[in-house]
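A.B. asks: I have a structure here, written as structure tokens, and I will follow up with some questions on it.
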Amino acid sequence: MAAFVDRVTIHVAAGNGGHGVASVHREKFKPLGGPDGGNGGDGGDVVLEVDPSVHTLLDFHHRPHQKAANGRPGAGSNRHGARGEDRVLRVPEGTVVTAGGRVIADLMGSGTRVVLAHGGKGGLGNAALANSRRKAPGFALLGEPGEELDAVFELKSIADVGLVGFPSAGKSSLVAAMSAARPKIADYPFTTLVPNLGVIRSGDTVYTMADVPGLIPGASTGKGLGVQFLRHVERCAVLVHVVDMATMEPGRDPETDIEALEHELAEYGGDELDLVGRLRIAVLNKIDVPDGRELVDLVRETLEARGLAVYPVSAATGEGLSAFGYALAAAVEEHRASLPAPEPVRITLTPRAVDDSGFTVVRDPDHAEGYVVHGVKPERWVRQTDFTNDEAVGFLADRLNRLGVEEELAKAGAREGDAVTIGGVTFDWSPTLPAGTLTVEEAAGLGGRGTDNRLEDNNRVGAAERLAAKQARRIPFEATDEGWTDEDLEGIDPLADDEADDELTDDVLVDGDR
């Protein structure tokens, strides 16, 4: 029998976006082919989907790390990268997902889907970045990393009727007698270690019944099976107290059992869940054993005084099960009729405020003279920037300037040289022009591909510099118009070359003799 797992902690990671590519079209007789770098593909999402055929979280217990596929990078000739494949996690109905103590999703209904972690956006290639001012960008944007988080999956069974009671009260036997379910049944306490579900038809009403592993005093604080399975009664419409009429334990009687059970349900659910209010029916099981039937008349009045409907039954012989089933069907129908009609799904559109710039500037708590810029756009732009490429850094500066980041930094009191942190990357702020204006370099076009004249430390080696260095390595001394000077000949042995030539000649002669 497969193990039942109703609570797991897993690490999910969405796919990273593919990088864009910087490429220039090269073809014979087409010297000005232009940029043709493709965009990177988006990373795959981690998606949760309710599957009616899944009844446990066992798969995630054995595989706690779930990751979606990364997006493919772009390529030349305007070839875009493929999108990463989504990772679909199939979970049972009633799964509650939390992260950081906050409920992310409560999955109800077959086929319900929710994105748990979004994949990173793919970076743009230089073909998409070209414009009238920057006709052939020498850079591309990087792909964004996908979201990662640790999530807790907690299964709360979906059942109309929940059977609760002390161990060995006959809860599993009732489920087996009234449905096609075949739970494990034995004559020792805590035989049931997992909730068992059964589908029951009484007249025209079809409902589900679940038996919860036996509860004992102190279960709400973790004693016995404790709160491990009390969560499975939270969604039940009707709770039924199964009373063992054949118990021989000293100090136990039906009334004491009900008092202890109501106490544990009240401690666990409180006023919010009101589990005690759902405890409306008491079934007196095992009336077929000796002295069991005589006890029914003794406890019936006490239980009815508590507001409980009492039904004597025998799971072994089937006595009283029909009336008990119809009573449960009536209670379930009453609950279903009290539910509000489902409302159609509404799509709410929330426009951005007029004065919302999309970012905020605050003081850096870790740096006395620093500032931190928060915002979706600035942080995304920083993640997509290749800081090894000067032109890409200049492009980032232009975007931030047009967004108004520099203007807000100036209003906040930032001075030249202050540390500004955006998306975990710290810059030394150097103000340029008011927001929205173009620099001289922007208007006239930047220098070579991959460079930006505004950056003082430009470490990119151009083609002319590489050619000059290559020629310098090949010609150690270059004659001038005036000829060799004494300074050029200092430290040079004039006989060194002659001796080398003699050695070479001797070697050639020896080889020739051979």
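The values are calculated or read from the model by the stated rules, or taken from the named source; none is laboratory data. Here the structure is a predicted model, which is why all the values come from computation and not from measurement. Cβ coordinates were reconstructed from backbone atoms using ideal geometry, including for glycine residues, and neighbour counts include every protein chain displayed. Ligands, DNA and RNA are excluded from the accessible area calculation, which covers all protein heavy atoms including side chains. Shrake-Rupley method; radii C 1.70, N 1.55, O 1.52, S 1.80 Å.
A.B. asks: Condition first: over 36 Å from the mean Cα position of the chain (by Cα), hydrophobic (A, V, I, L, M, F, W, C) and open to solvent by 60 Å² or more (accessible area, probe 1.4 Å). Now tell me which residues in the range 331-359 satisfy that.
C.D. replies: Result: 337, single match.
A.B. asks: Going through the range 84-100 one residue at a time, which ones are open to solvent by 80 Å² or more (accessible area, probe 1.4 Å) and part of a loop (DSSP other than H, G, I, E, B)?
C.D. replies: If the condition is that a residue be open to solvent by 80 Å² or more (accessible area, probe 1.4 Å) and part of a loop (DSSP other than H, G, I, E, B), then 85, 100 are the ones that fit.
A.B. asks: Looking at the range 123-133 only, could you name the residues that are crowded, with 16+ Cβ neighbours inside 10 Å and either among the hydroxyl-bearing types (Ser, Thr, Tyr) or more than 24 Å from the chain's Cα centre (by Cα) (or both)?
C.D. replies: Scanning the range 123-133 gives 124, 125, 126, 127, 128, 129, 130.
A.B. asks: Out of the residues in the range 30-60 that are crowded, with 17+ Cβ neighbours inside 10 Å and of a type in the set (A, V, I, L, M), which is nearest to residue 128 (Cα to Cα)?
C.D. replies: Among those that are crowded, with 17+ Cβ neighbours inside 10 Å and of a type in the set (A, V, I, L, M), it is 46.
A.B. asks: Out of all the residues in the range 154-166, which are open to solvent by 20 Å² or more (accessible area, probe 1.4 Å), in a loop (DSSP other than H, G, I, E, B) and out of contact with any helix residue (DSSP H, G or I) (no Cβ under 6 Å at 6 or more places or on another chain)?
C.D. replies: Listed by number, the list holds a single entry, 158.
A.B. asks: Any chance you could count how many residues in the range 302-330 are open to solvent by 30 Å² or more (accessible area, probe 1.4 Å), assigned to a helix (DSSP H, G or I) and touching a strand residue (DSSP E or B) at 6+ places or on another chain (Cβ under 9 Å)?
C.D. replies: Selection size over the range 302-330: 5.
A.B. asks: Here's something else I'd like to know. Which is over 20 Å from the mean Cα position of the chain (by Cα) and basic (Lys, Arg), of 72, 87, 63, 7?
C.D. replies: 72
A.B. asks: Which one of these does residue 120 not meet: (1) surrounded by fewer than 20 Cβ atoms within 10 Å (Cβ to Cβ); (2) under 17 Å from the mean Cα position of the chain (by Cα); (3) in a loop (DSSP other than H, G, I, E, B)?
C.D. replies: The number of the failed condition is (1).
A.B. asks: Which residue is farthest from residue 89 (Cα to Cα), if the candidates are limited to the range 6-29 and must be open to solvent by 20 Å² or more (accessible area, probe 1.4 Å) and among the β-branched types (Val, Ile, Thr)?
C.D. replies: Ranking the candidates gives 24 first.
A.B. asks: Pairs needed: first member in the range 287-311, closer than 16 Å to residue 257 by Cα; second member anywhere, part of a helix (DSSP H, G or I) and open to solvent by 40 Å² or more (accessible area, probe 1.4 Å); C-beta distance under 8 Å; at least 6 residues apart or different chains.
C.D. replies: Listed pairs, sorted by first residue: 299/255; 302/255; 303/255; 310/300; 310/304.
A.B. asks: Check 81, 15, 111, 37 and return the single one that is assigned to a loop (DSSP other than H, G, I, E, B), under 19 Å from residue 143 (Cβ atoms) and within 22 Å of the chain's Cα centre (by Cα).
C.D. replies: Numbers: 81 fails: within 22 Å of the chain's Cα centre (by Cα); 111 fails: under 19 Å from residue 143 (Cβ atoms); 37 fails: within 22 Å of the chain's Cα centre (by Cα).
So the residue among 81, 15, 111, 37 that is assigned to a loop (DSSP other than H, G, I, E, B), under 19 Å from residue 143 (Cβ atoms) and within 22 Å of the chain's Cα centre (by Cα) is 15.
A.B. asks: Of the residues that make up the range 61-71, is at least one hydrophobic (A, V, I, L, M, F, W, C) and either in contact (Cβ under 8 Å) with a residue 24 or more places away in the chain or open to solvent by less than 80 Å² (accessible area, probe 1.4 Å) (or both)?
C.D. replies: Within the range 61-71, one or more residues are hydrophobic (A, V, I, L, M, F, W, C) and either in contact (Cβ under 8 Å) with a residue 24 or more places away in the chain or open to solvent by less than 80 Å² (accessible area, probe 1.4 Å) (or both).
Yes or no, residue by residue, for (1) open to solvent by 50 Å² or more (accessible area, probe 1.4 Å); (2) at pLDDT below 90; (3) part of a loop (DSSP other than H, G, I, E, B); (4) closer than 20 Å to residue 366 by Cβ:
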| residue | (1), (2), (3), (4) |
| --- | --- |
| 401 | no, yes, no, no |
| 407 | yes, yes, no, no |
| 415 | yes, yes, yes, yes |
| 443 | yes, yes, no, no |
| 447 | no, yes, yes, no |
| 456 | yes, yes, yes, no |
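A.B. asks: Moving to a separate point now. Please find, among 29, 60, the residue that is farther than 22 Å from residue 150 by Cα and of a type in the set (Phe, Trp, Tyr).
C.D. replies: One residue alone meets the criteria, 29.
A.B. asks: In the range 360-394, which residues are under 26 Å from the mean Cα position of the chain (by Cα) and in a helix (DSSP H, G or I)?
C.D. replies: 376, 377, 378, 379, 380, 381, 382, 383
A.B. asks: Might you check whether a residue that is touching a residue at least 60 places away in the same chain (Cβ under 8 Å), open to solvent by less than 10 Å² (accessible area, probe 1.4 Å), touching a Gly at 6+ places or on another chain (Cβ under 7 Å) and not in a loop (DSSP other than H, G, I, E, B) occurs anywhere in the range 134-153?
C.D. replies: No, the range 134-153 contains no residue that is touching a residue at least 60 places away in the same chain (Cβ under 8 Å), open to solvent by less than 10 Å² (accessible area, probe 1.4 Å), touching a Gly at 6+ places or on another chain (Cβ under 7 Å) and not in a loop (DSSP other than H, G, I, E, B).
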